[in-house]
1. So if we plug the beta-carbon distance of residue 112 and residue 337 into 1/(1 + (r/R0)^6) with R0 = 45 Å, what FRET efficiency do we get, rounded to 0.05?
2. Under the 0.36 nm per residue contour assumption, what length would be gained going from the current alpha-carbon distance of residue 234 and residue 139 to full extension?
3. Compute the acute angle (0 to 90°) between the alpha-carbon long axis of helix 135-148 and the principal axis of greatest extent of the alpha-carbon atoms of the chain; round to the nearest 10°.
4. How far apart, in nm, are two points set 7 Å out from the Cα along the Cα-to-Cβ line at residue 73 and at residue 386?
5. Compute the long axis of helix 216-234 from its Cα atoms, compare it with the longest principal axis of the Cα atoms of the chain, and write down the angle in degrees, 0 to 90, nearest 10.
6. Suppose the chain between residue 413 and residue 195 were pulled fully straight at 0.36 nm per residue; how much longer would it get relative to their current alpha carbon spacing?
7. In angstroms, what radius of gyration and Dmax does the range 110-282 have, counting Cα atoms only?
8. Can you say what percent of the DSSP beta bridges in the chain, counting only those with both residues inside, are antiparallel? Round to 5.
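Taken together, the values in this text are just the output of simple stated rules run on the coordinates, not laboratory data. It should be emphasised that the depicted structure is a prediction, and the values quoted were computed from it without experimental measurement. We place every Cβ from the backbone using ideal geometry, glycine too, and count neighbours over all the protein chains shown.
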């Protein structure tokens, strides 16, 4: 393992043979806090957010972080202090967003199955707008707003039927997906909503998928939204916000997504000089590279066809490899000269799908080694579970050469809290 390989990932490098994240030695955190443990870099998070802000400079805009990617309060508060808004998908996320100090007028509410209670809570809080996913949802929001004596600000989520070229399980903008309103039907629904005094039509929104690494899908979606925007304005419907969703991918293995600045510049060129506030809803591209999962080797074993490395982290801590066959780079915390070995990196869960990496060449792992699983800041802890009664890991935030615990490791008592 060489220093150059580690340097492929932001804020990570080997110094004196020890893997550092920012200026903190990761083995120090494993010793102090145990494993499994999620480690986050404030520097990487802030750099990624500022890349969006710089690309949008001079244009009315709002960067609404898609907090489903990682909802840790400390990360949300950092983004709030930088001026970010939030894209939420549940009442729980609304509660978490408000606890983190994000102003309600910087929150937009997406999601295909909003409950009446969640809609009431969002209206009462005074969020910026709902991204509405169906005609029935629009009717329900109007009824609840009327009952509360409020006017609901809404955008309709357009399903543009565009193949984003990503994993089938994370596409959201095709006709076969449950998300959004068919592009052929959305125009008439906009006209109906504009006539309803309980509703204020303020935006157009689309989100076509996640981990998108080519430019064309976003280009096509943006062009279709702009055409709809022009048509509605010509008919007297005032649209203030154009929300292009998120979905920009990151490099896990050999992907080559566009840089944030180039990605945003392309979309701004399509929007041109239209008088509209541009909203972006990035998630993975903000936090993916900002997170690392530390896990300890418990056992190694081999048979005539496989070498197995059994870890203390598994699909309950990082489920992406199990459900998406996702690739996450893995580095040892200490450089060594051991010969590379072809291994399967496995977790402790009683499922054959509990695999963190298959057929991976690693310096021959030994019991007690701690490995860093990279690019784990997005859809890592937030998808963790207690299956097999495993407590969820702790979370640690690094700021330069300092670190602090931002979520305590769960205890056995936490596992049974609320049960009787």
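1. Rounded to the nearest 0.05, the efficiency is 0.30.
2. Stretched fully, the residue 234-residue 139 segment lengthens by 31.7 nm.
3. 70
4. 1.9
5. That works out to roughly 20 degrees.
6. Residue separation times 0.36 nm, minus the Cα-Cα distance, leaves 73.1 nm.
7. Rg, Dmax (Cα atoms, Å): 16.2, 53.
8. Numbers: 35 of 72 bridges.
Roughly 50 percent of the DSSP beta bridges within the chain come out antiparallel.
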